[in-house]
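Data block below; observations after.
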Amino acid sequence: MKGMILMTIPSENQKYSYADYLTWDEGERLELIDGEIFNMSPAPSRRHQQVLRELSTAFSVFLRERECEVFFAPFDVRLLADNKQDDDINNVVQPDLSIVCDKEKLDDKGCKGAPDMIIEVLSPSSVKLDRWKKYQLYEKAGVNEYWLVDPVNHSVEIHLLNDAQYKFQGVFIKDDTVSVNLFPDFALDLNQIFV
């Protein structure tokens, strides 16, 4: 950012805010969950990127000329941020895919508030974070639909928010067609995702 001094990330155990996050070196892929730093290195695998490309393409084509938009990482999503200043926001994630239907949540920095749907493509280094910390954060923040996509086992695990809690919808595999709850007229042939 113009006029801002970039700093390296302190190594001590400390809680950070989005304001701190904005001062860090842009070359690092980092996320904040409850003020705790999570480093997203190393870069995702080729298989991860292929699956992400196919998902992004499928959603982008479907959403063309609709109100909702799809965004892929790196794209900052500030959760539990309603009516908060940057110093008070301590949850900033970069989901693999975010679908946002409320344009009021979008600004030049990314998304401020819960996307309608988030998809995380699992990597060996992110499984625990995606299945536990992010699962709880997305549930608490009100993300309506959460998919965990496993590029190695060719599966999609779906969770839908119901009464402020995620309800497990099932695990779907390569030969299945998966309905997108957010868009009842949209279904994905997983054979086209896991190429």
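Worth pointing out:
- Applying a DSSP loop filter and a limit of 15 other Cβ atoms within 10 Å to the trypsin sites (Lys or Arg not before Pro) in the stretch 82-168 leaves LYS84, LYS109.
- With the helix formula -39500 (n - 2.57) applied to DSSP H stretches of n ≥ 4, the chain reaches a computed 222 nm mean residue ellipticity of -5000 deg cm²/dmol.
- Over the chain, the reciprocal of the mean inverse Cα-Cα separation, the Kirkwood hydrodynamic radius, stands at 17.3 Å.
- Length-normalised contact order of the stretch 147-195 in % [C-alpha pairs under 8 Å, at least 6 apart]: 26 percent
- A Förster radius of 22 Å combined with the Cβ-Cβ distance from ILE173 to SER45 puts the calculated FRET efficiency at roughly 0.65.
- Test item: Cα-centred dipole of the stretch 68-195, Lys/Arg +1 and Asp/Glu -1 on Cβ, debye: 380 debye
- Surface listing: LEU80, LEU137 arranged by accessible area from highest to lowest gives LEU80, LEU137, probe 1.4 Å.
- Within the chain, the longest segment free of exposed loop sites, counting GluC sites (Glu not before Pro) that fall outside DSSP classes H, G, I, E and B and have at most 16 other Cβ atoms within 10 Å, spans 68-195.
- Full-extension gain in nm, LYS84 to ASP163, via 0.36 nm per residue minus C-alpha separation: 26.0 nm
- Ordering PHE72, PHE172 by accessible surface, largest first, gives PHE72, PHE172; the 1.4 Å probe counts only protein heavy atoms, with every chain in place.
- Of every Cα-Cα pair in the stretch 5-115, the percent that sits beyond 19 Å: 49 percent
- Based on Cα contacts under 8 Å between residues 6+ apart, the chain shows a relative contact order of 16 percent.
- Across the stretch 117-132, coupling constants 3J(HN,Hα) worked out from phi with the 6.51/-1.76/1.60 Karplus curve, θ = phi - 60°, read 8, 10, 10, 10, 8, 5, 10, x, 7, 10, 4, 4, 4, 5, 7, 10 Hz, and Gly and Pro carry x.
- Spatial separation of Cα centroids for the stretch 45-122 and the stretch 161-195, in angstrom: 17 Å
- Beyond 26 Å in Cα-Cα separation lie the following of the pairs LYS112/LYS140; LYS105/LYS174; LYS15/LYS103; LYS84/LYS128; LYS15/LYS112; LYS103/LYS134: LYS105/LYS174; LYS15/LYS103; LYS84/LYS128.
- Isolated Cys residues of the chain, judged by Cβ distance under 4.7 Å to other cysteines: CYS111
- Ligands, DNA and RNA left out, the accessible area of the chain computed with a 1.4 Å probe is 47% carbon and sulfur.
- Taking each residue as 0.36 nm, the span from ARG53 to ALA19 lengthens on full extension beyond its C-alpha to C-alpha distance by 9.2 nm.
- Note that the chain presents 54 Å² accessible area per residue, ligands and nucleic acids not counted, probe 1.4 Å.
- Close amide-amide hydrogen proximity is noted between LEU22 and no other residue 5 or more places distant or on a separate chain, at a cut-off under 5 Å (H modeled in the peptide plane; Pro and chain starts excluded).
- Gyration tensor (alpha-carbon) shape descriptor, the stretch 146-195, a/c threshold 1.5: oblate
- Axis angle, to the nearest 10 degrees, between helix 46-63 and the longest C-alpha principal axis of the chain: 80 degrees.
The values are calculated or read from the model by the stated rules, or taken from the named source; none is laboratory data. Because the structure is predicted, anything quoted here is derived from the model rather than measured. Note: ideal-geometry Cβ built from the backbone for every residue, glycine included; neighbour counts use all protein chains shown. Side chains included, ligands, DNA and RNA excluded: accessible areas come from the protein's heavy atoms. Shrake-Rupley method; radii C 1.70, N 1.55, O 1.52, S 1.80 Å.
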